[in-house]
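Quick notes on the structure that follows.
The values are calculated or read from the model by the stated rules, or taken from the named source; none is laboratory data. Keep in mind that this is a model prediction, so the values were computed, not measured. As a convention, Cβ positions derive from the backbone with ideal geometry for all residues, glycine included, and neighbour counts pool all protein chains shown.
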Amino acid sequence: MSATSFQRVHRESTAGLITRQLREGIMYGSLTPGTQLSEVTLAAQFGVSRGPLREAMQRLVQEGLVRSEPNRGLFVKELDEDEIRDLYTARTAIETSCGRLIIRAGLDNPERTEAAATDLREACTAMQTAAEAGDLEKLSDADLHFHETLVASSGSPRLQRMHETLMVETRMCLTALEGTYRDPEDQVHEHRLIAEAIAENNDAALVEAVESHMKEALDRLIRPQA
């Protein structure tokens, strides 16, 4: 294919900018599950015509974050119990695999495992600071950063891409989890167990720590719906 068949790359489109802001609103809970998205209201808030707004909405429908109901409109998706369980099953598989890759890489290159453990401990420290300050939003952000660090440290681009597709729904769940721990220190402790298992090259402890953490989070998310 010749270079002349390509088109010039432009800056992010208006629809792209709207999509990103709406996605972040869904992630961080300012657009709560079940919220109806009004074209008239949103077009006025963004100061745009309905064209780019509709394009942005369609992108979010394709991403599975917004659902369309005939004759009713568009709504922020609500994760049901089966979807939440499936999300945490996928995360457990990916993050366990990533932790194992880090440990195995350390057999030939100990410095790599040490670097990953250092990054994960630093992420735990950020969680600790937020917990001590009682800042639940920052604690959720630090929680998410821990898991992103774990996956990135594996060195697997494919696992990282798979994990990224789960991050919006994960952030929605973390927002729902805010305040469900009697003591935020428990949340920090669960992550420290994962970091220390990697630091100690303990495959069995890693699997147990990840599975236990995911089960604890899942139980907290499911129980209120029972």
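Data for the structure
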{"read-out": "Filter result for T41 (free of Cβ contacts under 8 Å to residues at least 24 places away in the same chain, surrounded by 12 or more Cβ atoms within 10 Å (Cβ to Cβ) and either assigned to a helix (DSSP H, G or I) or assigned by TED's automatic domain parsing to the domain that holds L177 (or both))", "value": "no"}
{"read-out": "Single residue of L120, L60, L107, L87 found to be in contact with a strand residue (DSSP E or B) (Cβ under 7 Å, 6 or more places away or on another chain) and either in a loop (DSSP other than H, G, I, E, B) or not acidic (D, E) (or both)", "value": "L60"}
{"read-out": "Qualifying residue in region 156-166 (condition: touching a His at 6+ places or on another chain (Cβ under 9 Å), within 22 Å of E83 (Cβ to Cβ) and either surrounded by 15 or more Cβ atoms within 10 Å (Cβ to Cβ) or in the same structural domain as T125 (by TED's automatic domain parsing) (or both))", "value": "yes"}
{"read-out": "Residues satisfying the stated conditions in region 144-173, i.e. of a type in the set (D, E) and modelled with pLDDT of 95 or more", "value": "E148"}
{"read-out": "Condition met for A176 (out of contact with any Lys or Arg (no Cβ under 6 Å at 6 or more places or on another chain), at pLDDT 90 or above, in a helix (DSSP H, G or I) and among the small types (G, A, S))", "value": "no"}
{"read-out": "Residue check for Q128: among the polar types (S, T, N, Q) and free of Cβ contacts under 8 Å to residues at least 12 places away in the same chain", "value": "no"}
{"read-out": "Residue in region 20-43 that is closer than 30 Å to I198 by Cα, at pLDDT below 90 and under 23 Å from the mean Cα position of the chain (by Cα) present", "value": "yes"}
